[in-house]
């Protein structure tokens with residue numbers, strides 16, 4: 001076992017529980033990735049059960065402000081989109097995953113339009129393509145300015161509800177995977193066991209493990225914990241993207257509210273205490289975050305200013321509504337912002353068809369790790385990822401065959417992290433890290449916190465969303481190397497292609 005490895009407990013055995021249904025595919029998660037995976041699997045002929053902890057209209061995707069990245073203009077191309085993704089990923093992107101995303105994203109957007117999704121148009125009736133950090137071309141499609149999540153998930157939920165091959169179990173939580181460590185046979189929920197030859201986890205990310213976050217409180221990495229305890233590998237857990245522009249109002253309910261990157265693409269400026277710009281607002285997120293952290297350190301402040309005075313509020317209605325609820329007037333003065341945990345690049349290690357290392361188990365969306373994002377996600381690639389890889393996982397999952405006799409369900413049940421864990425992850429694995437602090441996570445009660453600490457200790461360099469004070473430089477020897485945490489807690493380094 002590598003030094004600092006996080007030993008995750010193995011699945012237990014025995015424990016009678018009622019089987020409430022048998023399906024071809026079980027999908028866990030009611031966000032964009034889960035809805036699309038369930039819909040596509042059903043359209044391909046599978047009997048699907050979709051498990052969602054919340055009503056479908058309340059998933060994290062519902063609140064997504066970003067859009068879908070796709071090369072749609074004549075002077076753009078999938079090759080250019082791929083190049084921007086690889087550049088943002090800081091030498092760690094899996095090229096096969098990048099190629100799949102860049103080549104298939106335009107078709108995914110056209111498919112959504114054909115199905116009835118309404119994206120924003122310009123005055124000539126063409127798609128109004130936005131520009132965001134790290135993109136060399138305008139290639140971001142939005143709906144309602146910054147209300148893309150609402151448009152997508154509301155339509156997806158409606159389509160899934162109308163699909164007769166999908167049975168939806170809302171307000172139902174997955175508490176374990178039905179696994180003997182050799183194969184996944186379905187999912188255990190708080191309402192009983194669901195048997196399926198293929199299970200697709202689409203449970204979202206883990207950014208709410210960090211106390212200061214843009215995410216809803218439920219984004220605690222449940223999927224990776226469930227997968228690891230069932231026998232699957234995790235990867236790239238050291239990489240958390242800290243969004244540069246989260247509202248900085250400590251001690252209030254408004255602290256951490258996301259101010260979308262798209263608003264900087266339309267001209268919003270970052271200012272220091274002297275009122276002067278100090279960075280390129282459209283650089284990749286890790287670079288903007290690092291610049292803000294350095295400015296805060298040099299000025300001794302807890303935030304910097306985001307100047308929105310030249311932005312039309314009608315372009316971003318929910319952003320300005322959020323600021324109004326916080327009693328801020330962005331039309332008269334800049335608003336305070338500081339980095340907050342926003343997106344986890346790591347998760348359940350999968351191939352480009354969503355297959356994990358545990359037969360029968362798939363993962364898509366933010367809970368997965370294809371290697372697409374490398375060390376730093378390119379803006380708006382995540383929603384595109386849901387549709388491209390969700391469709392791929394659905395097509396692969398329907399080919400799984402039942403494995404015969406099922407093992408006894410495991411005894412272990414998922415327990416969410418405590419507030420103390422969230423404080424510890426922010427304190428010890430925040431935007432700037434050191435080995436002594438990271439070592440403190442190794443004994444944390446929450447399995448994923450331990451695995452994050454082990455992964456960040458193993459990667460002795462700074463790269464993308466992982467910054468080490470003791471190792472401030474990027475080590476070229478680690479280009480293309482992914483830190484993998486195995487179910488027994490051991491840590492290895494692997495090269496992916």
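Note that region 283-382 shows a convex hull volume over its alpha carbon atoms of 148 Å³ per residue.
Rounded to the nearest whole Å³, what is the per residue volume of the convex hull around the Cα atoms of region 428-497?
Given the Cα convex hull of region 428-497, per-residue volume reads 88 Å³.
Here the extension length gained between residue 460 and residue 443 equals 4.1 nm, from 0.36 nm per residue of separation less the Cα-Cα distance. Binning the C-alpha pair distances of the chain at 10 Å intervals from 0 yields a P(r) profile of 4, 21, 32, 27, 13, 3, 0 %, listed from the shortest bin outward.
Averaging the Cα positions of each part gives two centres, and for region 318-335 and region 74-95 these lie 34 Å apart. Helical content of the chain, expressed as a calculated mean residue ellipticity at 222 nm, amounts to -9000 deg cm²/dmol (DSSP H runs of 4 or more residues, -39,500 (n - 2.57) each, divided by residue number, nearest 500).
Restricting to Cα atoms and excluding each atom paired with itself, what does the Kirkwood estimate give for region 242-341 in Å? Computed over region 242-341, the radius equals 13.3 Å.
A protection proxy built from the mean count of other Cβ atoms within 10 Å ranks the segments 282-294, 474-486, 228-240, most packed first, as 228-240, 282-294, 474-486.
Please find the FRET efficiency linking residue 494 to residue 77, where r is the Cβ-Cβ separation and R0 is fixed at 35 Å, and quote it to the nearest 0.05.
Details: r = 30 Å, r/R0 = 0.87.
Rounded to the nearest 0.05, the efficiency is 0.70.
Whole Å is fine, so just give me how far the alpha carbon centre of region 436-472 lies from that of region 105-171. Each part's Cα centre sits 36 Å from the other's. Quick check for you: which residues of region 433-457 have the amide N under 15 Å from the point 7 Å beyond the Cα of residue 470 toward its beta carbon? Flagged as within label range: 433-442, 453-457. By the Kirkwood approach, averaging reciprocal distances over each pair of separate Cα atoms, region 200-285 gets a hydrodynamic radius of 15.4 Å. Pairs of alpha carbons in region 349-497 separated by more than 23 Å make up 48% of all such pairs. Working ranking of peptides 132-145, 407-420 by packing, defined as the average number of other Cβ atoms within 10 Å per residue, highest first, is 132-145, 407-420.
For region 349-434, the fraction of alpha-carbon pairs lying more than 20 Å apart is 57 percent, rounded to a whole number.
No value in this document is a laboratory result; all are computed from the given coordinates. None of the values given here were measured: they were computed from a predicted structure. Backbone-built Cβ (ideal geometry, glycine too); neighbour counts: all protein chains shown.
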